[in-house]
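I have placed the structure first, in the form of C-alpha cells, so that the comments after it can refer back to it.
The values are calculated or read from the model by the stated rules, or taken from the named source; none is laboratory data. Nothing here was measured: the structure is a model prediction, and the numbers come from that model. Methodologically, a virtual Cβ is constructed for each residue, glycine included, from the backbone with ideal geometry; neighbour enumeration extends over all protein chains shown. Each accessible area value is taken on the protein alone, full model and side chains, heavy atoms only, with ligands, DNA and RNA left out. Shrake-Rupley method; radii C 1.70, N 1.55, O 1.52, S 1.80 Å.
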Amino acid sequence: MAQEALARARELEHLSAQLSHELKNPLGAIKALVQLARREACDDQSRERLEVAENEVERMNSILQEYLSFSRPLDKLRRERCSLGALADEVLGIVGAQAATAGVAIRRAGEALVEVDTRRLREALFNLVTNALDATASGGKVEVRIAQRDGEAQVEVRDSGRGMPPEVLERVGTPFFTTREQGTGLGVAMARAAFTQHGGSLEYRSEEGRGTVVVGVLPLQQKRVTLGAASAG
Ligand SMILES: Nc1ncnc2c1ncn2[C@@H]1O[C@H](COP(=O)(O)OP(=O)(O)OP(=O)(O)O)[C@@H](O)[C@H]1O
Ligand SMILES: [Mg+2]
C-alpha cells in the first residue's frame, strides 16, 4: 500500500514536471507579446487592458510554481517545526466564509507538534477539508481531529456528508479520478503524496449517506523514504 502510494507520488511528480515545463514556454511567449503590445499601445485603455493581461499571466506563473511544487524532488522536503493544530486552524480560517455560507459547522480538536514541510501539509489539509465541505450539505459538520501517540501524529478530517459508494471509495486518490464536474481529480492524490513523502500514509473510510473519515498519519521520528521499489518498472 505504501509502495503503491509512493509509486503514485512519483507518477504525479513526473506529470507535474512535464506539465509545468510545457506550460511555462507558451506562457513566457504570451507574456513577452503582451509586454510588447503594451509598450506600443497608442491609447490608455489598451495599455490598461494589456497591463491586466500581463498581471494575469504573472499570476498563472505563480500558481503553476505553487501548485506544481511537486516537481521538487521527493526527498527535498523543507521540514520545520510546526503545530498541526495551528496549521489546521489556518486552513479552517481560509474556508470559514465558504462553510458559513454552506451552513456547515467546522471545528478543530486536538494538537500535535511535528516537523514537516508546512507548505505541502497545508496544501494537503486544504484539499481534504475542501473535499469534506463539498460533500456536506447545510446542517452538517466537518471536523479536523488531531492526536499524537505511539510515535506518530494523526490528522483526521471527518465529515457528516454524503459519503462514498464502494466504487468511488475504491478509486479515490487515483490521479484524475473525479465525480465533480469542475474537479481535476488531483486533490486526494496530492494530499496522499504529501503524507507519503513524510513517511506516513493517508487512508479513507466512508459510508454512503453517513459521511467520510480520512486519516492521515505522520511519523514523529523522521524516516528516510526510499524510492528504490517505487521507481522500479
Ligand atoms: N469527503 C468526501 N466525501 C465524499 N466524496 C469524496 C470526499 N473526498 C473525495 N471524494 C470523492 O473523491 C473524488 C476525488 O477527490 P479529489 O479531491 O481527488 O478530486 P476532486 O475534489 O474531484 O477535484 P479537485 O482536484 O478539484 O480536488 C471526488 O470527486 C469525490 O467523488
Ligand atoms: Mg478535491
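Summary table below
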read-out: Selection within region 184-193 - within 9 Å of ligand 1 (Cβ to nearest atom), small (Gly, Ala, Ser) and buried (at least 19 other Cβ atoms within 10 Å of the Cβ); value: 187, 189, 191
read-out: Residue 113 being within 16 Å of ligand 2 (Cβ to nearest atom) and out of contact with any Asp or Glu (no Cβ under 9 Å at 6 or more places or on another chain); value: no
read-out: Residue list for region 83-94, filter: in a helix (DSSP H, G or I) and either touching a strand residue (DSSP E or B) at 6+ places or on another chain (Cβ under 7 Å) or outside the structural domain of residue 158 (by TED's automatic domain parsing) (or both); value: 84, 85, 88, 89, 92
read-out: Of all residues making up region 161-181, the number that are farther than 13 Å from residue 131 by Cβ and surrounded by fewer than 12 Cβ atoms within 10 Å (Cβ to Cβ); value: 4
read-out: From 111, 181, residue being in a loop (DSSP other than H, G, I, E, B) and away from ligand 1 (no atom under 15 Å from the Cβ); value: 111
read-out: Subset of region 212-233 (residues that are more than 16 Å from ligand 2 (Cβ to nearest atom), at pLDDT 90 or above and not aliphatic (A, V, I, L, M)); value: 219
read-out: Any hit, region 158-171, residues being more than 10 Å from ligand 2 (Cβ to nearest atom), in a strand (DSSP E or B) and over 15 Å from the mean Cα position of the chain (by Cα); value: yes
read-out: Counted residues, region 120-159 - those being open to solvent by 30 Å² or more (accessible area, probe 1.4 Å) and under 22 Å from residue 208 (Cα atoms); value: 8
read-out: Top-ranked residue in region 198-209 [being open to solvent by 10 Å² or more (accessible area, probe 1.4 Å) and not small (Gly, Ala, Ser); ranked as nearest to ligand 1 (Cβ to nearest atom)]; value: 204
read-out: Unmet requirement for residue 112, which otherwise passes all of (1) open to solvent by 10 Å² or more (accessible area, probe 1.4 Å); (2) at pLDDT 95 or above; (3) among the aliphatic types (A, V, I, L, M); value: (1)
